[in-house]
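Structure first, then comments.
The values are calculated or read from the model by the stated rules, or taken from the named source; none is laboratory data. Because the structure is predicted, anything quoted here is derived from the model rather than measured. With ideal geometry, Cβ positions are generated from the backbone for all residues, glycine too; neighbour counts draw on all protein chains shown. Heavy atoms of the whole protein, side chains included, go into the accessibility calculation; ligands, DNA and RNA do not. Shrake-Rupley method; radii C 1.70, N 1.55, O 1.52, S 1.80 Å.
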Amino acid sequence: MILITTALQETFPKDINKKVLFLGEWCKVYNKKSVWRKFDSQTMPYHWDDRKKLYTDYQNIQIIYEKILLELSNKLNQTHRVNYSLRYWRILIGPWLGYFIQVLFDRWFMLKAVLDNNQKYHCCIVKRTPLSVVPNHMDHFTKWLHTDDWNEAIYGQLIELYWANKVHITWVEKIKQTPQPIVKKILIKKYIKEKVLPFLNKFSINDNNHFFISTYLSLKTELKLQIRLGQMPNLWTTQSSPIVKPCANQRKWKLNGERGSTFEEVLRKMIPMHIPTVYLEGYSILNQAVENLPWPKNPKSIFTSNAYEGDDLFKAWAAKKTENNTPLVIGQHGGLYGMNTFSFSNEHQVKIADKWLSWGWRDENRKNITPVGNLKAFGRKVDYTPKGDALVVEMSLPRYSYYMYALPVA
């Protein structure tokens, strides 16, 4: 049978008479139905449609995450000749590591479900260099992990490393996409963010101010809060994380920990192949960028609702400040938290924060959660027309799993 792992058309067989096994529903993009429906095909049932398995796997993966986080933190301390705490590294690399472990487990388990038997398969894998799928930073990684291209690369690497004896591999060339023209626009908001605010901040900066960035508060509320705290308001904006090319020679290492499950061994081998360059090759450049930031040197506290995950420059700066006991306060930035059974993102935020401000709920087991109300709604009057139309608020989710929480997955 032909094994198809993603929706990339170049990996589909040219002969429509071939029997095909789709690894999941994500291979069958709706607007390409005319292509994939021609095959005599089967589709693998998805393992996390079993919700009990999803929750059990989440609990097990959290244990693996904590073990690997400690190993990787020690390795990075050694590599960069620093001696930062586990909390520092949790703030900086925790979001990437957590996502990567959960994503890799999903991709590995689906392949294992297919290939751990006596059936032989044929699979077309796109020819690419391993370094071509190394992300520059966290934001780069999160944009990639929803794509067919990145996922096909992961499936291909896993097959080549662990199931090459079960799969006849045919290497294929990637179809080149026509680049979209770049339209340069002068955006007023961008100009204010990059030019006007940094200029104004120069006149009100105080190295002992409370630091606010990406707060989820309205502008009016944020300004009032800073004034009530006795400081001239600053409206800080972030900068782009440095981009550094990956280097194969700096990735010739493997995490060494206590022997665990087969998946842990897979994980220890894959992490050096995929860790973003900003944590490895570009770490010294990242730290230099942190030193050059115009932000306060000794802030009384740090408050954000959005920058804790994708902004590596902020995370590196904040992680350093927490080493000197600066409190890190994180505000809830959306619904669902406090209502669902489990969420990696929420667990991560609460673990790194000295105070985590909820929209109104408490958790007796996590004393640092403080209910304050909906940050986004402060100062806003919410009204409706009883005789008006209904507003149906919907949400789309990626075809591929990205991190584990109690929602429909993949």
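When all protein chains stay in place and ligands, DNA and RNA are ignored, the 1.4 Å accessible-area order of Phe109, Phe12, largest first, is Phe109, Phe12. Given the alternatives (1) 20.5, 59; (2) 23.6, 74; (3) 24.7, 78, Rg and Dmax of the Cα atoms in Å as computed for this entry is given by (2). Extension gain, Lys127 to Glu265, is 47.2 nm, computed as 0.36 nm per intervening residue step minus the present C-alpha separation.
Where in the chain lies the longest segment free of GluC sites (Glu not before Pro) that are both loop residues by DSSP (not H, G, I, E, B) and have at most 12 other Cβ atoms within 10 Å? Numbers along the way, then the final one.
On the way: sites that count: Glu173, Glu258, Glu364, Glu394.
The longest uninterrupted stretch comes out as 1-172.
Once C-alpha pairs closer than 8 Å and six or more residues apart are averaged by separation and normalised to the residue number of the stretch 206-294, the relative contact order reads 28 percent. Couplings for the stretch 133-139, taken from phi via the Karplus curve 6.51 cos²θ - 1.76 cosθ + 1.60 with θ = phi - 60°, read 10, 8, x, 6, 7, 4, 4 Hz in order; Gly and Pro are left as x. Rolling a 1.4 Å probe over the heavy atoms of the protein chains gives the stretch 212-280 an accessible area of 54 Å² per residue.
The slack in the chain from Val382 to Trp144, taken as 0.36 nm per residue of separation less the alpha-carbon distance, amounts to 82.0 nm.
The Cα center of the stretch 224-289 and the Cα center of the stretch 116-149 differ in position by 20 Å.
Within the listed set Pro13, Pro95, Pro246, the residue fluctuating most in the Gaussian network model of the chain (springs between alpha-carbon atoms under 10 angstrom) is Pro13. Distance between the modelled labels on Glu160 and Trp253, one decimal in nanometres: 2.3 nm (7 Å Cα→Cβ projection). Note on the chain: GNM, Cα springs under 10 Å; of Pro386, Pro242, Pro135, the largest mean-square fluctuation is that of Pro386.
Assign unit charges at the C-beta atoms only (+1 for Lys and Arg, -1 for Asp and Glu), then state the dipole size of the chain relative to its Cα centre in Debye, rounded to the nearest 20.
On the way: 57 positive and 36 negative charges, 153 e Å.
Roughly 740 debye for the chain.
Annotation: amide H of Phe342 within the under-5 Å range of Ala406, sequence separation 5 or more or interchain, hydrogens built in the peptide plane. Cys123 exposes around 0 Å² of accessible area when a 1.4 Å probe is run over every protein chain in place. Overall shape: prolate for the stretch 6-70, with the ratio a/c of the largest to smallest alpha carbon gyration tensor axis at 1.5 or above and a/b above b/c.
Could you check what % of the DSSP bridge pairs in the chain are antiparallel, to the nearest 5?
Numbers: 1 of 26 bridges.
Roughly 5 percent of the beta bridges in the chain run antiparallel, per DSSP.
Roughly speaking, to the nearest percent, how much of the chain's 1.4 Å accessible area is carbon and sulfur? Kindly include the intermediate steps, with their values, before the conclusion.
On the way: 11850 of 22040 Å².
Looking at the chain in its full context, I get 54 percent from C and S.
In this calculation the C-beta distance from Lys174 to Arg228 is compared with R0 = 45 Å, giving a FRET efficiency of 0.20. Explain nothing, just compute: Karplus ³J(HN,Hα) = 6.51 cos²θ - 1.76 cosθ + 1.60, θ = phi - 60°, for every residue of the stretch 148-153 in order, whole Hz, x for Gly and Pro. Karplus-based 3J(HN,Hα) across the stretch 148-153 equals 4, 4, 5, 5, 4, 5 Hz. In this structure the amide hydrogen of Val172, modeled in the peptide plane, comes within under 5 Å of the amide hydrogens of Ile125, Val126, Lys127, none closer than 5 places in sequence on its chain. Note on surface exposure: Met44, Met270 rank Met44, Met270 by accessible area, highest first, 1.4 Å probe.
Give, in nm to one decimal, the length gained when the segment between Val372 and Lys18 is fully stretched (0.36 nm per residue of separation minus the Cα-Cα distance). Walk me through the numbers on the way to the answer.
Details: separation 354, 0.36 × 354 = 127.44 nm, distance 5.93 nm.
Going from the current span to full extension adds 121.5 nm.
Taking amide hydrogens as placed 1.01 Å from N in the peptide plane, the amide H of Gly331 sits under 5 Å from those of Thr304, Ser305, Leu357, each at least 5 positions away in sequence or on another chain.
Treat every Asp and Glu Cβ in the stretch 32-184 as -1 and every Lys and Arg Cβ as +1, leave all other atoms uncharged, and give the resulting dipole magnitude about the Cα centre to the nearest 20 debye.
On the way: 22 positive and 14 negative charges, 60 e Å.
It works out to roughly 280 debye.
Contact order for the stretch 28-132, expressed relative to its length and based on alpha carbon pairs under 8 Å spaced 6+ residues apart, stands at 26 percent. Label positions at Tyr30 and Lys67, each projected 7 Å from the Cα along the C-beta direction, are separated by 4.1 nm.
For the chain, calculate the relative contact order in percent as a whole number, restricting contacts to Cα pairs under 8 Å that are 6 or more residues apart. Mind dumping the intermediate values first?
Numbers: 547 pairs, mean separation 76.2, N = 410.
Relative contact order, the chain: 19 percent.
Annotation for Ser85 and Asn298: the two label points, set 7 Å from Cα along the Cα-Cβ direction, are 1.9 nm apart.
Tell me what the chain gives for mean residue ellipticity at 222 nm when only DSSP H runs of n ≥ 4 count, each as -39,500 (n - 2.57), the sum divided by the residue total, rounded to 500 deg cm²/dmol. Mind dumping the intermediate values first?
Numbers: 13 runs with 152 residues, N = 410.
Dividing the helical sum by the residues of the chain leaves -11500 deg cm²/dmol.
Compared with the dominant Cα axis of the chain, that is its longest principal axis, helix 219-228 is turned about 50°.
As a test of reading the structure, rank Arg51, Arg37 by solvent-accessible area (1.4 Å probe, protein chains only), most first. If you can, show how the numbers build up before the last one.
Numbers: Arg51 110, Arg37 155 Å².
Sorted by accessible area, descending: Arg37, Arg51.
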